[in-house]
Amino acid sequence: MRKVTSKILFIIILNTILVQALTAQTKTINQKVDSVLSLMTLDEKIGQLNQYNDDWTATGPVTLDKDKRGQIQHGQVGSLLNCMGTERTRSWQKIAMQSRLKIPLLFGQDVIHGFKTTFPIPLAESCSWDLDAIELSARIAATEASASGIHWTFAPMVDICRDPRWGRVMEGAGEDTYLGSKIAYARVKGFQGDKLGELNSVMACAKHFAAYGAAVGGRDYNSVDMSDRQLWETYLPPFKATVDAHIATFMTSFNDLNGVPSTANKYLLTDILKNKWGFDGFVVSDWGAVGEMIEHGNVKNGYEAAQAAINAGCDMDMESRDYKNNLEQLVKDNKVSITRIDDAVRRILRKKFELGLFADPFRFCNADREQMELNNPNHPIAARNIARESIVLLKNQHHLLPLSKDTKTIAFIGPLVKAVKQNKGFWDVEVPGTDSSFIVSQWQGLENKVGNKTKLLYAKGCDIDGNNRNGFAEAVKVAKQADVVILSIGERRDLSGEAKSRSNINIPGVQEELLKALLATGKPVVVLINAGRPLVFDFTADNAPAILYTWWLGSEAGNAIADVLFGDYNPSAKLTMTFPLSVGQIPIYYNHFNTGRPAKNDNDRDYKSAYIDLSIYPRYEFGYGLSYTTFQYSKLQLNKKKIKSGEQLEASATITNTGNYDGEEIVQLYLHDLVSSIVRPVMELKDFRKIKLKAGESKTITFVIDKEKLSFFNQQLQWVAEPGEFELMIGASSRDIRLKDRFELVE
Ligand code: GLC
């Protein structure tokens, strides 16, 4: 007993010392911030709230500046974006060091899915459901970016989206709030590391706050209107997950939310983010979003725009210049308090101290480290691994895949076969001083794989868009000489991304006609579909014997695709967004409400919630993805059938690899709250496991269900779990439910 007491005493003392030390360190930073703040003029304070684009490149409508250099020299700029490389960042930082108080600049960049080493687009990565691999991907991106002078990435984008017409779905993690929150957390941890200030860490930025992915019609920048309950239940949780991961910054979204543009939305930026969630970082507007409120119509001019934004809680103005041009007058007019200005400046200075920039403004400007990290041989290996894990096997009739390595002749056809940069997708980074030689095209990947053992034939066949069929004959001729045809088709990479909403999401041009011509040769055809969003491809889905959805896989695309084609990696990815049968079905998502007249199947549509001219089902559902092997689910056991509010329930199941290939299975746990004070989705993802199983191997997994997993926001926006029955489902997708049971929450 005495031993235990002294041990507890020791732990308490140690803890006290640690807390005091930490407080001392934090107090030190806060003290330093306050001491700098006390020296600043109002003009210099406003300067910290001002962010300009460097002239290197632009990711928005450019406003050229006459004397950016002079403004930096006078401490009137707090940050630059799109400024990369140790040389260029060092040169700008040197100018900032000429200012009176020598406050260092922050350099921000959209490092969305890799810096030089390019990873799969985030929507593709999300289909890996591999949180460790996703974190590593962000970690490597941060390592390369920080080695090139970048302090801050405008990522992760954590907008939930149920509409593939919206081009920016490629940046996110799909339609599900639970998975999206887990991925958001992993990405922040990857970018920021254990704590800011490490050389390999960059500040992350949760964007776009909030509900940008719910734009009406899937049209970028369009309005969003929803109940607070829907906002809290579906769209906010991934942002809250980033706060839980101690994210350094947030970015406002372009859209108006329930009539109030996010950049001036006090409910979002102050009431929820800073007050309720306790966020202590800073908020930057999206590009020009402060000034764009004049277009929105909630303000008359730049003066009112700056007033609305700063008072709502937007701390930094990206590129609109309305803060720079109006805040001094707003303070003089008592329209903006100096307290609010000081709060915004403190938040920004605190991050600059945490990054170590006051101690050494050039600590991220080491050219030797830059060269080392940008050429780190481990980075492409990680990129290849997660790229393989992101490829979704949609169809594989008669086990056409994997291809035999003894195949004599392969015809590799299509407009994307020899494309290089296309594989990087949208939001790639053109790193200064690098070329594209490190990007592995799909053709190169196949050559690397087969060497001189297999004869490779090539034909482009057609362009990505347009209706030129002149290349069909050559493609057919080449196909006839082969044992198997691989056809790589899809979108151009600039058909998804920002300002890339599409009213129809078919495969452009005559690419599916090319497939038809190739199928007519009687040769087996494997189709690779490259895209930044779910597409509609009826002919391909109905007629191609094998389909791999290869998204945009980044700089190791060719090698990853070849690994999957020949079975060196057994595809394990599962869709994180529903693929509609037609654009007319949108929005279509798995976790929908039942309605009062649910159609139970396609033969049950009279006076039911269904289209009279289309199936009620999507082409491919959330959580769908095939493997070269098969998995059996069995022995579902619940350790209890009734639980009280504070108790946990354990549900275990056995998964067996019943096929001939080792593989990985993403086992999904869904719950349905059968009766509650408001209607609940027919199912909600509440947990998952990605498990590796050798052929013939079985593993038992256990899910733990607690009150958190049973809770939801009720009509009063209270986070509650209500007594009643729940249906528990374990499956290989949201439609392929293998095991079911029920349990009751008794109070
Ligand atoms: C763009 C994007 C945003 C990006 C910013 C800076 O308009 O909306 O995601 O981080 O501008 O490039």
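Within region 359-395, the set of residues being touching a helix residue (DSSP H, G or I) at 6+ places or on another chain (Cβ under 6 Å) and of a type in the set (S, T, N, Q) comprises S390 only.
Within region 275-303, restricting attention to residues that are more than 16 Å from the ligand (Cβ to nearest atom) and free of Cβ contacts under 8 Å to residues at least 12 places away in the same chain, the residue that is surrounded by the most Cβ atoms within 10 Å (Cβ to Cβ) is I294.
Scanning region 223-273 for residues that are β-branched (V, I, T), out of contact with any Ser or Thr (no Cβ under 8 Å at 6 or more places or on another chain) and buried (at least 24 other Cβ atoms within 10 Å of the Cβ) yields a count of 3. Note on region 208-217: residues that are away from the ligand (no atom under 13 Å from the Cβ) and either closer than 22 Å to S285 by Cβ or open to solvent by less than 10 Å² (accessible area, probe 1.4 Å) (or both) total 4. Taking the listed residues D220, D159, D163, the one that is acidic (D, E), within 15 Å of the ligand (Cβ to nearest atom) and crowded, with 24+ Cβ neighbours inside 10 Å is D159, with no other qualifying.
Kindly evaluate F353 against the criterion of being closer than 22 Å to L37 by Cα, in contact with a strand residue (DSSP E or B) (Cβ under 7 Å, 6 or more places away or on another chain) and either open to solvent by 50 Å² or more (accessible area, probe 1.4 Å) or not small (G, A, S) (or both). When the stated conditions are applied, F353 does not pass them.
Residue count for region 365-383 satisfying the condition of being buried (at least 24 other Cβ atoms within 10 Å of the Cβ) and out of contact with any Ser or Thr (no Cβ under 6 Å at 6 or more places or on another chain): 0.
Regarding region 617-640, can at least one residue be identified that is among the hydrophobic types (A, V, I, L, M, F, W, C), closer than 26 Å to R533 by Cβ and open to solvent by 20 Å² or more (accessible area, probe 1.4 Å)? Yes.
Filtering region 671-678 for residues that are of a type in the set (A, V, I, L, M, F, W, C), open to solvent by 60 Å² or more (accessible area, probe 1.4 Å) and either over 28 Å from K600 (Cβ atoms) or not assigned by TED's automatic domain parsing to the domain that holds C127 (or both) leaves a non-empty set. Take A214 and decide whether it is among the hydrophobic types (A, V, I, L, M, F, W, C), assigned by TED's automatic domain parsing to the domain that holds E354 and over 29 Å from I348 (Cβ atoms). So A214 fits the description; yes. Checked against the criteria, T700 counts as open to solvent by 80 Å² or more (accessible area, probe 1.4 Å), part of a strand (DSSP E or B) and farther than 20 Å from L179 by Cα. Scan region 710-747 residue by residue and report those that are touching a helix residue (DSSP H, G or I) at 6+ places or on another chain (Cβ under 9 Å), surrounded by 14 or more Cβ atoms within 10 Å (Cβ to Cβ) and assigned to a loop (DSSP other than H, G, I, E, B). Hits for region 710-747 are N714, A721, E722.
In region 390-412, the residue that is farthest from K477 (Cα to Cα) out of those that are open to solvent by less than 20 Å² (accessible area, probe 1.4 Å) and under 28 Å from the mean Cα position of the chain (by Cα) is S390. For region 315-323, the condition of being among the hydroxyl-bearing types (S, T, Y), modelled with pLDDT of 95 or more, closer than 20 Å to S38 by Cβ and open to solvent by 10 Å² or more (accessible area, probe 1.4 Å) holds for none of the residues. In region 336-360, the residues that are under 16 Å from K102 (Cα atoms) form Cβ pairs under 6 Å with partners that are among the polar types (S, T, N, Q) and open to solvent by less than 50 Å² (accessible area, probe 1.4 Å), at six or more places apart or across chains, as follows: V345/Q48; I348/Q48.
In the condition set (1) in a strand (DSSP E or B); (2) aliphatic (A, V, I, L, M); (3) farther than 26 Å from I588 by Cβ, A695 is compliant with all but (1). Taken over region 564-577, the criterion of being within 9 Å of I391 (Cβ to Cβ) and outside any loop (DSSP other than H, G, I, E, B) is satisfied by V564 alone. Flag not set for P415, criterion: open to solvent by less than 80 Å² (accessible area, probe 1.4 Å) and more than 17 Å from W551 (Cα to Cα).
Scanning region 223-265 for residues that are polar (S, T, N, Q), out of contact with any Lys or Arg (no Cβ under 9 Å at 6 or more places or on another chain) and either within 16 Å of the ligand (Cβ to nearest atom) or part of a loop (DSSP other than H, G, I, E, B) (or both) gives S223, S227, N255, N258, S262, T263, N265. Condition (residue is more than 15 Å from the ligand (Cβ to nearest atom), assigned to a strand (DSSP E or B), within 25 Å of F358 (Cβ to Cβ) and touching a Lys or Arg at 6+ places or on another chain (Cβ under 8 Å)) applied to region 195-207: is it met by at least one residue? Scanning region 195-207 turns up at least one residue that is more than 15 Å from the ligand (Cβ to nearest atom), assigned to a strand (DSSP E or B), within 25 Å of F358 (Cβ to Cβ) and touching a Lys or Arg at 6+ places or on another chain (Cβ under 8 Å).
Within region 635-654, which residues are within 33 Å of the chain's Cα centre (by Cα) and outside any strand (DSSP E or B)? Residue satisfying the conditions is Q648 alone.
The values are calculated or read from the model by the stated rules, or taken from the named source; none is laboratory data. If you're wondering where the values come from, they're calculated on a predicted model, not measured in any experiment. Every residue, glycine as well, gets a Cβ built from its backbone with ideal geometry; the counts of neighbours run over all protein chains shown. Protein only, heavy atoms only, side chains kept; ligands, DNA and RNA dropped before computing areas. Shrake-Rupley method; radii C 1.70, N 1.55, O 1.52, S 1.80 Å.
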